[in-house]
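Only one structure is covered here, and it is reproduced in the block below.
Bear in mind that the values in this text are calculations on the coordinates, not laboratory data. Computed from a predicted structure; not experimentally measured. Cβ coordinates were reconstructed from backbone atoms using ideal geometry, including for glycine residues, and neighbour counts include every protein chain displayed.
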């Protein structure tokens, strides 16, 4: 934040007319480029952002919410110079001088393999997962800016073969979230901004697995549920010296009570066993705190370092309560409990930007993201591991458009499962524990388009 208040530009009717005349006066080929390039990329981001699938981030957090951040390993909390600051650090909105609308989509292609005893091997079904975000930022005056974000802060997706060894633990998992986040940022001093916001979160869960019934005949358990919750976030941005900024961003826990039903699809009807029963499940989405430093004094370079703490210890168990009893380990039960006992985790992010031209900036970064999943409860639904993220990308400005591109290669360390997965305290038979080695990697491509008014 430079000293003094930058002028805040608002578009009015006269400006709109002049912009239209300017646009019409451009050469036809350039107009066509602006219209087709910016519009098509914007539409692609909007369409893909609306797709329902989600890929997993740390634990099941999604932190890829903007291409500028994504291209430098998500080290962005102290830079936060575009509307995606609504997610990363809303105090950065005071750096904007014009209203701006921003769309982003991230396309993920994960690969997950399991190596069991002997020559046994399996992998998840290959498919693309997409997550998206929309942001609108409006500076009201040199001191106050507001914003509205719509994004998916958490997500999970996996699809194992129906007949694989771990089918009694999971065959299909899907977690979708949608978060509406209005924020306001106030510049308290020329070099200090403080922001706060409210989060309205909607959550949708589906968990599917096979159920042992008769030799050679499995049933299927299909659990679906939806819920919503309320949380908050705040951010701080401080520039004690020109070109050196410190950022702080906090997001609160969000408690969600999911309501839905459990479908039991059995080969034959069993007296006293319901085909469908209603149920509830509680899930607390974790709080997080990020601190970062951004240094732009060494032009044309900008350096960013972030440290993030996430309170995953809130995910201690998954307890599903049912209205009617169903067989669990051969005993009728109205509750299905699996212990998780996740612990708090840290992520360390490093990013660099290089201003190649006035309208073209290149970025790169690296992240070390530590897993919150302990060895004692590691399971194939979330076979998480420490991950290393290599990031590259850039952004180009054309007229009032900014087009962004980012790529991440996410490499998970090999993770060995050697525990006893249990339901209601009773372990599964050894043949279905799927103890062995899990190997994963993900290719992620981010696209963004924004327009300043």
Open item on the list: Can you report the number of residues in segment 293-326 which are without any contact (Cβ under 8 Å) to a residue 60 or more places away in the chain, within 30 Å of residue 168 (Cβ to Cβ) and not in a loop (DSSP other than H, G, I, E, B)?
Closed with: 8
Task: Candidate set: segment 172-185, residues that are buried (at least 17 other Cβ atoms within 10 Å of the Cβ) and in contact (Cβ under 8 Å) with a residue 40 or more places away in the chain; chosen: the one farthest from residue 381 (Cα to Cα) - done: 185
Task: Residues located in segment 59-97, provided they are under 18 Å from residue 366 (Cα atoms) and in a helix (DSSP H, G or I) - done: 67, 68, 69, 70, 88
Open item on the list: Quick check on my filter: what residues within segment 358-376 are surrounded by fewer than 19 Cβ atoms within 10 Å (Cβ to Cβ) and touching a strand residue (DSSP E or B) at 6+ places or on another chain (Cβ under 9 Å)?
Closed with: 358, 359, 360, 362, 364, 366, 368, 370, 375, 376
- [ ] Quick one: which residue in 370, 378, 428 is within 18 Å of the chain's Cα centre (by Cα) and more than 30 Å from residue 139 (Cβ to Cβ)?
- [x] 370
Task: Those residues of segment 136-169 which are crowded, with 23+ Cβ neighbours inside 10 Å and out of contact with any strand residue (DSSP E or B) (no Cβ under 8 Å at 6 or more places or on another chain), in sequence order - done: none
Task: Filter result (part of a strand (DSSP E or B) and touching a residue at least 40 places away in the same chain (Cβ under 8 Å)) within segment 186-203 - done: 186, 187, 192, 193, 194, 195, 196, 197, 199, 201, 203
Task: Residues located in segment 415-429, provided they are surrounded by fewer than 13 Cβ atoms within 10 Å (Cβ to Cβ) and in contact with a helix residue (DSSP H, G or I) (Cβ under 8 Å, 6 or more places away or on another chain) - done: 418
Open item on the list: One residue is enough: does segment 341-353 have a residue meeting the conditions under 22 Å from the mean Cα position of the chain (by Cα), closer than 30 Å to residue 79 by Cα and not in a strand (DSSP E or B)?
Closed with: yes
